[in-house]
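Participant: I'd like to ask you about the structure that follows.
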Amino acid sequence: MRIRRVVAVGAGVAALTAAWFEATYESDDGLWASMAVRLSPSAALVVAGIVPLLRRSSVTVAFVTAAGNQVFRTRPAAIAIWWPAVVAVALTANFAAFAPTTWEPGTDPEWQVDVMQVVLTAFLGLMAATVVVVYLRGVWLGRPAVELTRDGVRVLAQFGYRYAPWDEVQPGTPLRPVKRTDNFSLSVTGSNLARWWGIAIVPFLWLDIHPWFLTDAIRYYVAHPEHRAAIGTAEEHDRLRHLLSEAASVGGASHP
């Protein structure tokens with residue numbers, strides 16, 4: 001599964017980038033055709049911005065469990081795989097489409113290339129390559145995800161990580177999200193054992209789990225430490241699903 005995700009995203013990014021640059025390279029199709037090609041990345045960004053506003057949250061009321069792992073883990077939603085890839089390609093294409101150039105076809109560009117433009121392009125290219133490598137690594141590792149362990153909660157984002165022991169998660173949190181575009185976050189009462197690095201932000205839409213079920217489960221284990229030792233077992237997972245689905249009517253409730 002992980003190999004297919006990485007290959008699909010990598011191939012998609014490469015194909016879209018290659019197709020766009022092929023379409024824009026030395027195009028003589030006229031003003032309107034050239035403008036259509038150059039504006040297509042901007043149109044892709046607009047569409048990518050609208051999709052999260054229209055998409056509903058996952059209705060999955062279950063974690064991923066595996067024998068011996070002692071962890072309840074969420075799956076990444078499909079939008080978490082394709083949406084960043086589309087935005088990355090569109091942003092790169094936008095820069096290439098509208099960046100000024102001093103190169104003229106048919107002439108020796110050696111003395112015409114602006115040094116600052118070359119440096120800026122090289123820097124942005126290196127940054128884009130770094131982002132793609134980190135992103136593909138996250139896809140390979142099944143990120144983004146939230147993990148509930150017997151010791152605490154882990155937030156595994158594409159570009160960051162956060163861990164909070166159960167005793168340092170603020171009681172009564174995290175709250176149920178109000179809007180479908182809200183991000184998952186942890187409120188920590190202390191920082192003695194909590195750890196984080198990078199940008200540990202995960203939109204609820206990027207997780208293949210009902211937002212209310214996830215937040216209710218974390219609040220439950222914060223309030224009931226006697227059940228933490230059973231996290232990761234199939235029996236505890238079934239008990240938790242039955243308890244939270246019945247108490248909060250997650251299965252049939254309206255959701256963001």
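Participant: Starting from the Cα of VAL47, step 7 Å along the direction of its Cβ; do the same at ALA223; then give the gap between the two resulting points in nm.
Facilitator: 4.5 nm
Participant: Around THR181, which amide H atoms from residues at least 5 apart in sequence, or from another chain, sit under 5 Å from its own amide H, with H modelled in the peptide plane?
Facilitator: Excluding prolines and chain starts, which carry no amide H, there are no hits.
Participant: Whose amide H sits under 5 Å from the amide H of ALA77, counting only residues 5 or more places off or on another chain, with H placed in the peptide plane?
Facilitator: LEU207, ASP208
Participant: In debye, nearest 20: dipole of region 145-248 around its Cα centre with unit charges on the Cβ of K, R (+) and D, E (-)?
Facilitator: It works out to roughly 340 debye.
Participant: Related question: Ranking SER58, SER245, SER185 by Cβ neighbours within 10 Å, fewest first, what do you get?
Facilitator: Going from sparsest to densest Cβ surroundings: SER185, SER245, SER58.
Participant: Full-extension gain between THR60 and GLU236, please, as 0.36 nm times their residue separation minus the C-alpha to C-alpha distance.
Facilitator: My answer for the length gained is 61.6 nm.
Participant: Taking the Cα centre of region 145-248 as the origin and placing charges on Cβ (Lys, Arg +1; Asp, Glu -1), which of ILE231, HIS210, HIS242 is farthest toward the positive end of the dipole?
Facilitator: The listed residue farthest towards the positive side: HIS210.
Every number here is computed from the coordinates shown, using simple stated rules; none is lab data. These numbers come from a predicted model, not from an experiment. All Cβ positions, glycine included, derive from the backbone under ideal geometry; neighbour counts span all protein chains shown.
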